[in-house]
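See structure below.
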Amino acid sequence: MKISTEFSKYAKEYAVLNQIQNQVVQKLLSLYKKEGKNILDLGCGSGALCKNIEWDYEHFTGVDFAPGMLELHPKADNIESIYGNFNDKTLFEHLLANHYDVIFSASALQWSENLERTFTYIKSLQTPVALAIFTANTFKTLNETAGLQSLLQSAEQIERLQKKYFDAHFEVVHYKLEFESVRDMFSYIKRSGVSGSRQVLSFKETKKLMYTYPLNYLEFEVAFIVE
Ligand SMILES: C[S@@+](CC[C@H](N)C(=O)[O-])C[C@H]1O[C@@H](n2cnc3c(N)ncnc32)[C@H](O)[C@@H]1O
């Protein structure tokens, strides 16, 4: 398992809402050395991946289950964004009718109800993958300080699982996002949508955590799986 570290300094809340996701997209595209003409993006969100592709492609299909995200996705004759749920086999049965050169997914599959099941669905499309998945070490110190268990799978679990389905380069990257104030940091956690913890803290507990959290940055860990 290759381990890399990247660092973002002095993040301001609004500007950084998607900063880590954007870095993940950049990293994923840098690991993907080809120029697939027909592209599928699972959990496409508002189109970070689509917006960052620099080669000429024929068709881009973004899939997401959040209509509000699909509305924000770029649209063009060769770009479609469709409703679909990657927990649902029928999505993949529908996708089988098309040919794709690559299946991307950035910062989304950590929310799969059952990652192994989603991997089997992805595998059924018989297409090379380029996936980036947040792991359990995301918000590691925060979860430890609060006594919370991450809902996400560890890098080791994801590595074992991906080996069963793909013949891929596997790399784990650590990101740190530094904040000027604890208030900015907690506001970011609430808004970013990358939190891997159950929302079980009361207002009082959250306040206590804000005083006891020992770092001025948040930790993220992302597993990259690229064929
Ligand atoms: C953190 S965002 C990442 C968006 C985009 N890929 C990016 O890199 O900026 C995660 C996205 O996954 C979508 N998502 C989560 N679970 C999903 C599911 N079961 N099926 C389809 N999309 C899902 C969310 O709606 C959200 O748009």
>> Run the Debye formula on the Cα coordinates of segment 8-139, all scatterers equal and no solvent, and tell me log10 I(q)/I(0) at q = 0.10, 0.14, 0.17, 0.21 1/Å.
In response: -0.31, -0.61, -0.91, -1.40
>> I'd like the antiparallel share, as a percent to the nearest 5, of DSSP beta bridges with both residues in the chain.
In response: 40
>> Nothing charged except the Cβ atoms of Lys and Arg (+1) and of Asp and Glu (-1): what's the magnitude of the dipole of the chain about its Cα centre? Round to the nearest 20 debye.
In response: 760
> Across segment 130-143, in residue order, what do the Karplus-derived ³J(HN,Hα) couplings come to in whole Hz, using 6.51 cos²θ - 1.76 cosθ + 1.60 with θ = phi - 60° and x for Gly and Pro?
Replying inline: 9, 10, 10, 10, 5, 10, 5, 7, 5, 6, 3, 5, 4, 5
>> Quick check on packing: order 159-166, 216-223 by the mean number of other C-beta atoms within 10 Å, highest mean leading.
In response: 216-223, 159-166
> Largest first, how would ASP88, ASP77, ASP41 line up by accessible area (1.4 Å probe)?
Replying inline: ASP77, ASP88, ASP41
> How many percent of the accessible area of segment 89-227 is carbon or sulfur, using a 1.4 Å probe?
Replying inline: 49
>> Counting C-alpha atoms alone, how compact is the chain: give Rg to one decimal and Dmax as a whole number, in angstrom.
In response: 17.7, 54
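The values are calculated or read from the model by the stated rules, or taken from the named source; none is laboratory data. Keep in mind it's a predicted model, so treat the numbers as computed, not measured. Counting neighbours? That spans all protein chains shown, and the Cβs are built from the backbone with ideal geometry, glycine included. Heads up: the accessible areas ignore ligands, DNA and RNA and are worked out on the full protein's heavy atoms, side chains in. Shrake-Rupley method; radii C 1.70, N 1.55, O 1.52, S 1.80 Å.
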